[in-house]
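The values are calculated or read from the model by the stated rules, or taken from the named source; none is laboratory data. Quick caveat, the model's predicted, so the values are computed rather than measured. Virtual Cβ from ideal backbone geometry, glycine too; neighbours counted across all protein chains shown.
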Amino acid sequence: MNIGRALSLCRTQKGMTKTKLSQVADVSISYLTLLEQGKRDPNLSTINQICKAMNIPTSIFMFLASEASDRDGISNELAEKLSHTALSLMEPESEQA
């Protein structure tokens, strides 16, 4: 799992700064930075909290965080297409109703 990569991808795709996400998710900016750098491993509760703040289903976030070895039965090509589709469907925060 690469939680940091998924967090960075989702946050930027949503057009959120670390400051904004930290406020909405109620976690510190320094903690978000450490997560994105892969220097901390959040618990599931924290992942859910961050996903809720970004308005992203936790299951999609976890798929985006998965590595090839985590996706038994899904080809890398299909995983790339699914990841691209999921990211393209995420509206930046300013465009959400």
When the residues of the stretch 8-38 are filtered to those that are small (Gly, Ala, Ser) and part of a helix (DSSP H, G or I), which remaining residue is farthest from PHE61 (Cα to Cα)? SER30
What single numbered condition from (1) without any contact (Cβ under 8 Å) to a residue 40 or more places away in the chain; (2) touching a Leu at 6+ places or on another chain (Cβ under 9 Å); (3) surrounded by fewer than 17 Cβ atoms within 10 Å (Cβ to Cβ) fails to hold for GLY73? (2)
Inside the stretch 33-55, the number of residues satisfying the requirement of being small (Gly, Ala, Ser) and under 12 Å from the mean Cα position of the chain (by Cα) is 1
Residue among LEU9, LEU78 that alone is exposed (fewer than 13 other Cβ atoms within 10 Å of the Cβ) and of a type outside the set (Ser, Thr, Tyr): LEU78
Number of positions in the stretch 34-47 that are surrounded by 15 or more Cβ atoms within 10 Å (Cβ to Cβ) and either of a type outside the set (Asp, Glu) or farther than 23 Å from GLU91 by Cβ (or both): 6
Of the residues that sit in the stretch 21-33 and are under 16 Å from LEU9 (Cα atoms) and among the polar types (S, T, N, Q), which one is surrounded by the fewest Cβ atoms within 10 Å (Cβ to Cβ)? THR33
Quick one: ILE56 ticks every box in (1) out of contact with any Lys or Arg (no Cβ under 8 Å at 6 or more places or on another chain); (2) in a loop (DSSP other than H, G, I, E, B) except a single one, so which number is it? (1)
Would you mind finding the one in LEU87, LEU82, LEU64 that is at pLDDT 85 or above and in a helix (DSSP H, G or I)? LEU64
